[in-house]
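*Asks:* Here's a structure for you.
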Amino acid sequence: MKLYLQILAFYLMSVAPTWAADVLLVQSYHKEYGWDESYIRGLESTLGDDVTLHTFEMDTKRLPRSQFDAQADKALALYQKISPEVVVLGDDNALSHMLPRLRNKDIDIVFLGINSNPRRLMAKYAGTARVTGVLERPLFARSMKEMSELLGKDQMKVKILFDAGTTATIATDHIANQYEDLKQQLGIDVTIENHRLFSSWKNSVEQSDDYDAIVVGLYQIIRDESDQVVDANKVLSWTNENSETPLFGFWDFSVGKGQTAGGVVLFGESQGIQAGKYVNRVLAGEEASEISVIHGKKGRAIYSATEFERWGLTPPTHWRNID
């Protein structure tokens with residue numbers, strides 16, 4: 001009998017993994033979007049080989065708001081089909097639409113890329129689900145300080161451009177609040193704009209000659225006169241070609257040759273890595289609700305040598321060239 005049990009145990013170990021897990025990632029956006037590509041790379045590099053990562057793209061950068069709920073319902077159907085051990089929610093739209101649908105499920109949730117205050121949603125939709133995650137905040141104060149030193153200006157006039165999407169609106173409010181608190185300390189005059197149409201974005205860029213710098217925030221859902229989303233690369237390349245003012249960015253995907261010149265930027269990959277570490281802790285036995293919500297790691301200063309040369313800028317030694 002003992003020999004039989006030993007043989008049976010050996011057989012079971014040989015035909016099935018000792019342990020495997022399913023993780024469902026619900027993306028607010030789409031896989032081709034630079035931010036999503038970056039954080040998925042970080043997530044995949046951190047999760048173990050025995051974890052299967054399933055993904056669902058809500059595609060809210062390109063679809064109209066009227067379809068967001070239908071997309072969330074599809075994501076919920078996939079959740080029910082897979083029955084994952086952990087759900088990862090990427091960015092604000094996924095969190096705001098999926099948490100109400102998952103609140104009373106016996107599930108651990110890890111979010112990332114959240115610009116809003118998740119505590120409000122977590123309190124409003126408190127239930128069985130256990131939630132933690134990683135916050136994303138544009139590095140406004142540090143960016144302004146570094147830009148001021150780079151441009152050699154104690155008093156600086158800066159224009160910050162965003163599209164009119166959910167994440168952009170939240171980021172705009174966050175920056176505006178920081179600016180009010182730091183206005184005197186920073187010694188800068190900041191104008192923050194949200195644009196829905198490409199025509200108004202263009203007008204703003206062309207009317208920026210009296211600014212020392214333009215910071216390009218989010219621009220992925222700028223629309224044309226037919227209400228169609230303009231290709232994000234087209235928006236950025238047009239801005240690069242037509243601006244008479246040096247361009248900087250808040251996110252790594254906006255920096256490079258033919259894009260913005262540089263900046264103290266957020267990296268999606270670091271958010272994915274941190275979220276992946278949280279997922280691993282949950283799979284090892286911790287509950288998500290026992291893990292603290294944290295701000296993502298501080299960004300890095302990067303630049304394009306091509307664009308710095310164009311604007312006659314000398315990079316500080318701690319800025320990294322990405323060309």
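The values are calculated or read from the model by the stated rules, or taken from the named source; none is laboratory data. These figures come from a predicted structure and were not determined experimentally. For neighbour counting, all protein chains shown are included, and Cβ atoms are generated from backbone atoms with ideal geometry for every residue, glycine included. For accessibility, only protein heavy atoms count, side chains too; no ligands or nucleic acids. Shrake-Rupley method; radii C 1.70, N 1.55, O 1.52, S 1.80 Å.
*Asks:* In the chain, which longest range has no GluC sites (Glu not before Pro) that are both DSSP loop (not H, G, I, E or B) and surrounded by at most 12 other Cβ atoms within 10 Å?
*Replies:* So the longest stretch without any such site is 33-224.
*Asks:* Measuring from label point to label point, each 7 Å out along Cα→Cβ, what is the residue 73 to residue 31 span in nm?
*Replies:* So the label points at residue 73 and residue 31 sit 2.5 nm apart.
*Asks:* Over the chain, calculate the relative contact order: mean separation of alpha carbon pairs under 8 Å at least 6 apart, over the residue count, as a percent.
*Replies:* It rounds to 19 percent for the chain.
*Asks:* How long is the gain from residue 309 to residue 52 if the chain were fully straight, where each residue apart is worth 0.36 nm and the alpha carbon distance is subtracted?
*Replies:* 88.0 nm
*Asks:* Mind pulling the angle between the C-alpha long axis of helix 232-242 and the longest principal axis of the chain? Nearest 10 degrees, somewhere in 0 to 90.
*Replies:* Once rounded, the angle reads 20 degrees.
*Asks:* Same structure, new question: If you count only protein heavy atoms and use a 1.4 Å probe, how large is the accessible surface of residue 282, to the nearest 10 Å²?
*Replies:* Counting only protein heavy atoms, residue 282 exposes about 10 Å² to solvent.
*Asks:* Multiplying the sequence separation of residue 153 and residue 180 by 0.36 nm and subtracting their Cα-Cα distance, what value in nm do you get?
*Replies:* So the extension gain works out to 7.7 nm.
*Asks:* Distance in nm between label sites at residue 241 and residue 104, each 7 Å beyond Cα in the beta-carbon direction?
*Replies:* Output for this residue pair reads 5.5 nm.
*Asks:* Still on this structure, please answer the following. Skipping prolines and chain starts, which residues have an amide H placed within reach, meaning under 5 Å, of the one on residue 222, given they are 5 or more residues away or on another chain?
*Replies:* When sequence neighbours closer than 5 places are left aside, the close amide H contacts are 230.
*Asks:* Compute the FRET efficiency between residue 41 and residue 226 as 1/(1 + (r/R0)^6), taking r as their Cβ-Cβ distance and R0 = 30 Å, and round to the nearest 0.05.
*Replies:* 0.30
*Asks:* In the structure displayed, which of 61/81; 61/257; 234/257; 183/257 lie more than 21 Å apart, Cα to Cα?
*Replies:* From the list (61/81; 61/257; 234/257; 183/257), the Cα-Cα distance tops 21 Å for 61/81; 61/257; 183/257.
*Asks:* Report the extension gain between residue 119 and residue 295 in nm, rounded to one decimal, defined as 0.36 nm multiplied by the number of residues separating them, less their alpha carbon distance.
*Replies:* Length difference between fully extended and current span is 62.0 nm.
*Asks:* What is the range 37-172's relative contact order, in percent, from Cα pairs under 8 angstrom and six or more apart in sequence?
*Replies:* 19
*Asks:* With N residues in the chain, what two-decimal value do you get for its Cα radius of gyration over 2.2 N^0.38 Å?
*Replies:* Scaled against compact globular proteins, the figure is 1.13.
*Asks:* Given the chain, what percent of its DSSP beta bridges are antiparallel, to the nearest 5?
*Replies:* 10
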